[in-house]
Amino acid sequence: MSVSTVIVTGAAAGVGRALVGLLLDRGMTVIASDIDEPGLASLRDAHAGRPLAVSTCDVGVRAECDAFMERTLAAFPQVDGLVNNAGLYLGRPVWDYDDTTIERVIAVNVKGPVWLSRAFAGHLLPHERRGAIVNLASVAGEVGSSDALYGTVKAGVIGLTKSNAMNFAPYIRVNVVSPGLIVNTAIADRIPEYRYKEYKRQEMLDYDILPEDVARICAYALSDDAKSMTGAVLRADNGCYPR
Ligand SMILES: NC(=O)c1ccc[n+]([C@@H]2O[C@H](COP(=O)([O-])OP(=O)(O)OC[C@H]3O[C@@H](n4cnc5c(N)ncnc54)[C@H](O)[C@@H]3O)[C@@H](O)[C@H]2O)c1
């Protein structure tokens, strides 16, 4: 059974925005969330008349995640897909982080996916309902990053994926998409120039990786084409840093 109703976080821009359009094109109902209210309004306008609901939620704040999941699951009890896409990358060396910022980066990138995944699974598993979760990590979580916090949290997302694949089996598949440099995104604009060039030099393929390219891999992981896949790391990185 393919998923029919999917929550996408960080949906106002980049990969999330591209994924919303793709899932709608494939006939799914989408609940799109973000902290960027004008961005969500423009997403809603761009897809007027389609089965799309938008809802603000800061995934780094526990109370907001709880309230978002409560209202979403009440309005869309048939929800069977979750894409933990929202991410925060600051592009700093570790000595430029104060404790508050460390907590924020961990909250947005790791705690949010933990809270949302737990609420999602808590809704499906008691009824033995099937579903799929896709998390967004990064090549930075696999090979390291010049921003140590980002490397740390994205490695955590990979660990969360494999562990939740075990926790939520046999009903919910959990996979992670690990992109390299995605052009036309705010995050790529924040990467220090020397690291940007290093990534590019490492890439075996010479395509620009677009948000739409990453979105298609997320959609695959949600779909029945991947129904025997769980706990897997799917790469969208032009083959940089082969591993
Ligand atoms: N852009 C890249 O080069 C790249 C590379 C590897 C991995 N990734 C990962 O891919 C995912 C998507 O990245 P992108 O490039 O599309 O990012 P983006 O910056 O283009 O968009 C991210 C979206 O998330 C939203 N967001 C940020 N903080 C949030 C919060 N606390 N709560 C809710 N929404 C929040 C933003 O408002 C924005 O709409 C992220 O998890 C990112 O870490 C990106």
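The values are calculated or read from the model by the stated rules, or taken from the named source; none is laboratory data. Predicted, not measured: the structure shown is a model, and the values here were computed from it. Quick reminder, even Gly has a Cβ in these numbers, built from the backbone with ideal geometry, and neighbours come from all protein chains shown.
Somewhere in region 182-199, is a residue on the phi < 0 side of the Ramachandran plot, modelled with pLDDT of 95 or more and not acidic (Asp, Glu)? Taking every residue of region 182-199 in turn, at least one turns out to be on the phi < 0 side of the Ramachandran plot, modelled with pLDDT of 95 or more and not acidic (Asp, Glu).
The numbered conditions (1) within 12 Å of the ligand (Cβ to nearest atom); (2) free of Cβ contacts under 8 Å to residues at least 24 places away in the same chain; (3) not acidic (Asp, Glu) are all true for Pro126 except (1). The residue of region 132-182 that is nearest to the ligand (Cβ to nearest atom), among those that are of a type in the set (Lys, Arg) and crowded, with 21+ Cβ neighbours inside 10 Å, is Lys154.
Just one of (1) in contact with a helix residue (DSSP H, G or I) (Cβ under 8 Å, 6 or more places away or on another chain); (2) within 11 Å of the ligand (Cβ to nearest atom); (3) more than 25 Å from Leu23 (Cβ to Cβ) fails for Arg190. It is (1). Residues of region 183-216 that are touching a residue at least 40 places away in the same chain (Cβ under 8 Å), of a type in the set (Gly, Ala, Ser) and crowded, with 17+ Cβ neighbours inside 10 Å: Ala215 alone. From the residues in region 29-41 that are more than 16 Å from Val15 (Cβ to Cβ) and surrounded by 13 or more Cβ atoms within 10 Å (Cβ to Cβ), which one is farthest from the ligand (Cβ to nearest atom)? Ranking the qualifying residues of region 29-41, first place goes to Thr29. Among the residues making up region 1-13, those that are in contact (Cβ under 8 Å) with a residue 40 or more places away in the chain, within 16 Å of the ligand (Cβ to nearest atom) and either in contact with a strand residue (DSSP E or B) (Cβ under 7 Å, 6 or more places away or on another chain) or more than 22 Å from Glu64 (Cβ to Cβ) (or both) are Val6, Ile7, Val8, Thr9, Gly10, Ala11.
Pairs meeting the criteria (first residue in region 76-94 and at negative phi, second residue near the ligand (Cβ under 8 Å from one of its atoms) and in a loop (DSSP other than H, G, I, E, B), beta carbons under 7 Å, at least 6 apart or on different chains) are Asn85/Gly10; Ala86/Gly10; Ala86/Val59; Gly87/Gly10. Would it be correct to say that Leu88 is within 14 Å of the ligand (Cβ to nearest atom) and of a type outside the set (Val, Ile, Thr)? Answer is yes for this residue.
On the basis of being touching a residue at least 24 places away in the same chain (Cβ under 8 Å), away from the ligand (no atom under 13 Å from the Cβ) and more than 29 Å from Lys200 (Cβ to Cβ), does Ala119 make the cut? So Ala119 fits the description; yes.
Going by the conditions given, is Ala219 within 13 Å of the chain's Cα centre (by Cα) and either surrounded by fewer than 23 Cβ atoms within 10 Å (Cβ to Cβ) or at negative phi (or both)? Taking the combined requirement at face value, the residue satisfies it.
Residues being closer than 30 Å to Asp96 by Cβ and in a helix (DSSP H, G or I) are represented in region 163-186 by at least one member. Scanning region 6-54 for residues that are under 16 Å from the mean Cα position of the chain (by Cα) and polar (S, T, N, Q), we see that the one that is farthest from Asp224 (Cα to Cα) is Ser33. Quick check: is even one residue across region 193-201 charged (D, E, K, R) and in a strand (DSSP E or B)? No, because not a single residue in region 193-201 is charged (D, E, K, R) and in a strand (DSSP E or B).
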